[in-house]
Every structure is written in C-alpha cells, then in structure tokens.
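Down below is the structure, laid out as structure tokens.
The values are calculated or read from the model by the stated rules, or taken from the named source; none is laboratory data. Being a predicted model, the structure only gives us computed values, none of them experimental. Heads up, the Cβs are rebuilt from the backbone with ideal geometry, glycines too, and the neighbour counts pull from every protein chain shown.
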C-alpha cells in the first residue's frame with residue numbers, strides 16, 4: 001500500500017481519498033504544457049470565463065465568488081497582476097503609456113524628487129501599486145457602505161477585479177490609439193470610470209440608485225485625499241530640502 005506524498009494518507013487506488021493527489025504525477029511534456037495553458041485560459045474556471053462574467057455582471061459575479069463558489073474564477077490578486085502584465089506588454093509594444101498620456105504623475109525635475117520617485121515606481125509597477133491603491137479605496141467604500149455586511153477585504157477583492165477590467169479597457173484602447181491616432185484612451189478612461197461605479201453599485205445592491213451615488217462619492221473623496229496627501233508631502237519635502 002502506498003502513502004500519499006502530499007498528506008501521508010494510505011492510498012488504495014490511483015488517487016488519495018483524503019486530498020485527491022494522484023499516486024503517479026503525469027509527466028510534464030509539450031502536451032501537458034499546452035493542456036495547462038488551454039485550461040487556464042479557456043476552461044469554465046479560466047481567465048476568459050472570469051473576464052466574461054466581470055464584463056456582463058461584475059457585482060453579481062464578485063458576490064458569487066465571495067459567498068458561493070471560488071473555484072470557477074481566477075483569484076482576484078492573480079487576475080489583477082495578469083491584467084497589469086497585459087497592459088504593460090501592450091504599452092511597451094505600442095510605446096504608449098496611459099498615465100503619461102494624460103500627464104498623470106508627470107515625471108520631471110522638481111524640488112520634490114522623492115514624490116517623483118514614488119510616482120515613477122507606481123507607473124513601473126502597476127500590479128503592485130494597484131494593490132495598494134485598491135486597499136486604500138476599499139477603506140473609503142467601506143466607510144460609505146458601512147451598513148453593508150461586506151468587510152474591508154471583501155471590498156478589496158471587488159476592486160481587484162474591477163481594476164483588472166479597467167486595465168483591459170486601457171489595453172484594448174492602445175490599438176486604435178497607436179494606428180488611428182484617435183482619442184481612444186480618453187474614451188477608455190470614461191468607460192473604465194463608469195464601469196467601476198456600475199460594478200460597485202451592483203455589488204451592494206444594483207436596484208438602489210443611492211448605491212451608485214455612494215460609489216461615485218467614495219471615489220471622489222478618496223481621490224481628493226490622495227491629491228491632498230501628495231501636495232502636503234511635496235511641500236514638506238521642499239521645506240526640508242531648503
């Protein structure tokens with residue numbers, strides 16, 4: 001009788017009855033790698049399935065992930081990092097950056113170099129900076145929706161998915177922006193913003209108009225606080241350096 005290499009349970013058959021680990025692992029070859037890629041992208045629990053659900057019914061999909069079934073969706077942090085990678089690759093390929101296009105976090109010589117280094121790091125590490133930003137914004141949304149049953153971390157999961165879809169909007173907008181020289185990035189920015197308010201309002205209760213208004217207000221307040229903190233940080237740094 002064999003013992004499971006994963007949990008040391010005795011095994012009768014081809015699989016462990018305790019954890020499901022196979023007795024003999026399948027050899028990793030070309031067919032195995034192709035199968036894994038197809039499974040990750042096209043299965044009913046892969047990247048495209050998750051993206052489709054988030055496009056069609058974002059709030060309901062995230063509620064379903066949190067309360068009912070977490071096996072059919074790409075995990076939220078993983079999803080955000082994958083979409084950030086897609087955006088980064090597309091941005092480098094077309095030599096267009098969404099942030100500098102709108103002169104957000106413009107990098108130049110100023111009396112506050114520390115703030116510029118922070119901004120540059122955020123631009124170069126959108127996956128990680130996105131996680132920090134979403135946790136910050138989750139705090140404000142939790143504050144505005146404090147009567148709901150969802151905690152800070154569940155709202156953070158919602159925002160990871162929402163940010164992932166926003167990055168896909170921007171990635172797709174880079175194509176016409178590169179070849180047609182249109183205002184597609186401006187359009188994607190508007191669509192991404194509207195989408196985020198729609199997703200958040202739907203998540204809490206899509207039938208109540210006030211939830212969409214609260215979603216908008218939470219983003220406005222959170223964004224203003226970020227701007228205020230940045231201004232204060234720049235002023236303090238300038239005063240220290242003088």
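Results, tabulated for the structure shown:
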read-out	value
Selected residue (criterion: surrounded by the most Cβ atoms within 10 Å (Cβ to Cβ)) from residues of segment 164-180 that are touching a residue at least 12 places away in the same chain (Cβ under 8 Å) and over 20 Å from the mean Cα position of the chain (by Cα)	177
Some residue of segment 209-216 being part of a helix (DSSP H, G or I) and under 27 Å from residue 91 (Cα atoms)	no
Flag if residue 137 is assigned by TED's automatic domain parsing to the domain that holds residue 75, at pLDDT below 65 and under 13 Å from the mean Cα position of the chain (by Cα)	no
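Yes or no, residue by residue, for (1) within 18 Å of the chain's Cα centre (by Cα); (2) crowded, with 18+ Cβ neighbours inside 10 Å; (3) modelled with pLDDT of 90 or more:
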{"site": "133", "(1), (2), (3)": "yes, no, no"}
{"site": "160", "(1), (2), (3)": "yes, yes, yes"}
{"site": "182", "(1), (2), (3)": "no, no, no"}
{"site": "187", "(1), (2), (3)": "no, no, no"}
